[in-house]
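Report on the structure given below.
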There are 2 protein chains.
Amino acid sequence: MRNPAELTDAFRAKGWKVTPQRQLLFRLLHDTDRHPTADALFVEASGQMPGISLRTVYQTLNDLVAMDELHVVNIGGSTRFDPNTAAHQHAVCSACGTIRDVYLSGVDGLGVAEVDDFHPQRTRITVTGVCGRCADLTPTRRPTGSHHKENQQ
Amino acid sequence: MRNPAELTDAFRAKGWKVTPQRQLLFRLLHDTDRHPTADALFVEASGQMPGISLRTVYQTLNDLVAMDELHVVNIGGSTRFDPNTAAHQHAVCSACGTIRDVYLSGVDGLGVAEVDDFHPQRTRITVTGVCGRCADLTPTRRPTGSHHKENQQ
DNA sequence: CGCCTAATCTGCACGAGTTGCGAACTCGCA
DNA sequence: TGCGAGTTCGCAACTCGTGCAGATTAGGCG
Ligand SMILES: [Mn+2]
Ligand SMILES: [Mn+2]
Ligand SMILES: [Zn+2]
Ligand SMILES: [Zn+2]
């Protein structure tokens, strides 16, 4: 996602207004590697702007997605939003739900172009597994067993 | 997913009953390359067994997923279920929502093992784009524009 | 073959996540 | 400074999936 100043210009260029609510979300989303849900952002935003509506958060996120400034990540449960629009992949911990950006090698070698009768636009790669912290918490056990859902990003 | 007879044995081996509802779903799911939603299966099943409950369809699907006989596919919207448990990837049409199994080359070359402080279990690859049929229906246009949601599998 | 009971099915209520809607508000231009 | 298109907000509505409890049944046993 571009920085708040650039987004301000981009919104104005479309004849859209740049409200305090939008500016706040621009700031919260810029230059992070997290993958928050709409509600997580709503909670964060509420800290700095009490009274902001969850509806507005959804609205702005949808706008940013439509502008391709934000990507959506579907891993089940509520939608995650990804401000990192550079080509990258995701490592998802099945125990705690954390999503981490990873940059796998060998992605170019995928035979995506050879899918016939299909016009590819984007390739998404998600590696599910267990993160180091969860592996430490449940040593020598099935890591999916105790599902502690805290700290996911 | 294994065939109905094998699933029958697997269920009995766990002390679970093999009801007509379950047998029907075993049949509907076996040896297909579709990726139906719970509701789509419910509609199909209702044709052959009027009165079957959507709740039962969900229940059975969840059981099969827990047994790893069925995989879930998250592409936004309702959960899709995948009876093809062999290693493969998906091509998703952004216009009609159809999910097609594809077998990309070069998957082994992905540097999945090198993700550090992470224990990988499974890698999911999804190519989004526009299928041939949708490309034909909207020639020389942005294919996402008119969203005709029929016929997705 | 009929009994018994744990397992299952069904219908409904409920919860989470997201969107539609309309009245009130406000950014930004004239 | 005033105007109006665009925006926000609150709430109702909607979709998808699950919890619950009473009715039903598969399938082991005598
Ligand atoms: Mn990311
Ligand atoms: Mn598949
Ligand atoms: Zn973890
Ligand atoms: Zn299509």
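The values are calculated or read from the model by the stated rules, or taken from the named source; none is laboratory data. Owing to the predicted nature of the structure, the values given are computational and were not obtained by experimental measurement. Ideal geometry is used to build each Cβ from the backbone, glycine not excepted, and the neighbour counts take in all protein chains shown. Protein only, heavy atoms only, side chains kept; ligands, DNA and RNA dropped before computing areas. Shrake-Rupley method; radii C 1.70, N 1.55, O 1.52, S 1.80 Å.
So which residues in segment A:105-119 are assigned to a loop (DSSP other than H, G, I, E, B) and either on the phi > 0 side of the Ramachandran plot or in contact with a Leu (Cβ under 8 Å, 6 or more places away or on another chain) (or both), if there are any at all? Passing the criteria: A:105, A:106, A:110, A:111, A:115, A:117. Within segment B:1-22, no residue that is more than 14 Å from chain A (Cβ to nearest Cβ) sits with its Cβ atom under 8 Å from a residue that is of a type in the set (Val, Ile, Thr) and within 16 Å of ligand 3 (Cβ to nearest atom) at 6+ positions apart or across chains.
The criterion of being assigned to a helix (DSSP H, G or I), over 14 Å from the mean Cα position of the chain (by Cα) and small (Gly, Ala, Ser) holds for residue A:5. The set of residues from segment A:54-75 being open to solvent by 50 Å² or more (accessible area, probe 1.4 Å), more than 20 Å from residue A:12 (Cα to Cα) and not hydrophobic (A, V, I, L, M, F, W, C) comprises A:55, A:74. Within this structure, residue B:74 passes the test of being within 16 Å of ligand 1 (Cβ to nearest atom) and within 14 Å of chain A (Cβ to nearest Cβ).
Of the residues that sit in segment B:82-101 and are under 19 Å from residue A:127 (Cα atoms) and buried (at least 19 other Cβ atoms within 10 Å of the Cβ), which one is nearest to DNA strand D (Cβ to nearest atom)?
My answer is B:82.
On inspection, residue A:47 qualifies as open to solvent by 20 Å² or more (accessible area, probe 1.4 Å), more than 12 Å from the chain's Cα centre (by Cα), more than 16 Å from ligand 3 (Cβ to nearest atom) and of a type in the set (Gly, Ala, Ser). Taken as a whole, the structure leaves residue B:78 outside the set of residues that are surrounded by fewer than 18 Cβ atoms within 10 Å (Cβ to Cβ), hydroxyl-bearing (Ser, Thr, Tyr) and in contact with a Gly (Cβ under 9 Å, 6 or more places away or on another chain). Consider segment A:1-38 and keep the residues that are touching a strand residue (DSSP E or B) at 6+ places or on another chain (Cβ under 8 Å) and closer than 13 Å to residue A:61 by Cα. The one that is most open to solvent (accessible area, probe 1.4 Å) is A:37. The set of residues in segment B:108-135 that are under 22 Å from residue A:115 (Cα atoms) and more than 7 Å from chain A (Cβ to nearest Cβ) comprises B:108, B:133, B:134.
Residue-wise test of (1) touching a Pro at 6+ places or on another chain (Cβ under 6 Å); (2) at pLDDT below 90; (3) within 16 Å of ligand 4 (Cβ to nearest atom).
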position: B:92; (1), (2), (3): no, no, yes
position: B:103; (1), (2), (3): no, no, no
position: B:117; (1), (2), (3): no, no, no
position: B:129; (1), (2), (3): yes, no, yes
position: B:137; (1), (2), (3): no, yes, yes
position: B:141; (1), (2), (3): no, yes, yes
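Count of segment A:21-56 residues, restricted to those that are under 29 Å from residue A:103 (Cβ atoms) and of a type in the set (A, V, I, L, M, F, W, C), is 7.
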